[in-house]
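The values are calculated or read from the model by the stated rules, or taken from the named source; none is laboratory data. Please read these numbers as outputs of a predicted model, since none were measured by experiment. Cβ coordinates were reconstructed from backbone atoms using ideal geometry, including for glycine residues, and neighbour counts include every protein chain displayed. When the accessible area is computed, the model is the full protein with side chains, heavy atoms only, and any ligands, DNA or RNA have been set aside. Shrake-Rupley method; radii C 1.70, N 1.55, O 1.52, S 1.80 Å.
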Amino acid sequence: QLRLVESGGGLVQPGGSLRLSCAASLYILDYYAVGWFRQAPGKEREGVSCISSSDGRTYYADSVKGRFTISRDSANYTVYLQMNSLKPEDTAVYYCAADPRELRGCVSSRFGSWGQGTQVTVSS
């Protein structure tokens, strides 16, 4: 498994922005597909956004399209999730995960390496 560390969560007002980071200690992350998932209390874990390791293909859940952007900083072995126009329903623990295989869908069952999660709370 590849060790991943999420950061950037916190409390933000509706309409605000946060940037989540998913960092690995080794360059190998650049060769993994990476996904962001979230889980709110009492709800199922859902795929938020994923990015391919090979061609930069991305996936976004319908609920975040136009508001969230996933990107990769290969030089620092880091994947970001820029979250704009945040809504209360975005409140959840956000996890990043990595998969050495080519990206085929954005489902949690394909990802074997997981971070500890970072809490995002959107509230006024």
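Just a yes or no: is a residue in the stretch 61-69 basic (K, R), in a loop (DSSP other than H, G, I, E, B) and open to solvent by less than 40 Å² (accessible area, probe 1.4 Å)?
Checking the stretch 61-69: at least one residue is basic (K, R), in a loop (DSSP other than H, G, I, E, B) and open to solvent by less than 40 Å² (accessible area, probe 1.4 Å).
Report yes if S71 is touching a Cys at 6+ places or on another chain (Cβ under 9 Å) and of a type in the set (S, T, N, Q), otherwise no.
When the stated conditions are applied, S71 does not pass them.
May I ask you to list pairs of residues, at least six apart or on different chains, whose Cβ atoms are under 9 Å apart, with the first in the stretch 1-22 being at positive phi and modelled with pLDDT of 95 or more and the second being open to solvent by less than 50 Å² (accessible area, probe 1.4 Å) and assigned to a loop (DSSP other than H, G, I, E, B)?
G15/L86
Output the residues belonging to the stretch 85-101 that are over 21 Å from Y32 (Cβ atoms), in a loop (DSSP other than H, G, I, E, B) and of a type in the set (D, E, K, R).
Across the stretch 85-101, the qualifying residue is only K87.
Given the conditions (1) modelled with pLDDT under 95; (2) open to solvent by 70 Å² or more (accessible area, probe 1.4 Å); (3) closer than 18 Å to A98 by Cα, and given that P41 satisfies all but one, which numbered condition is not satisfied?
(3)
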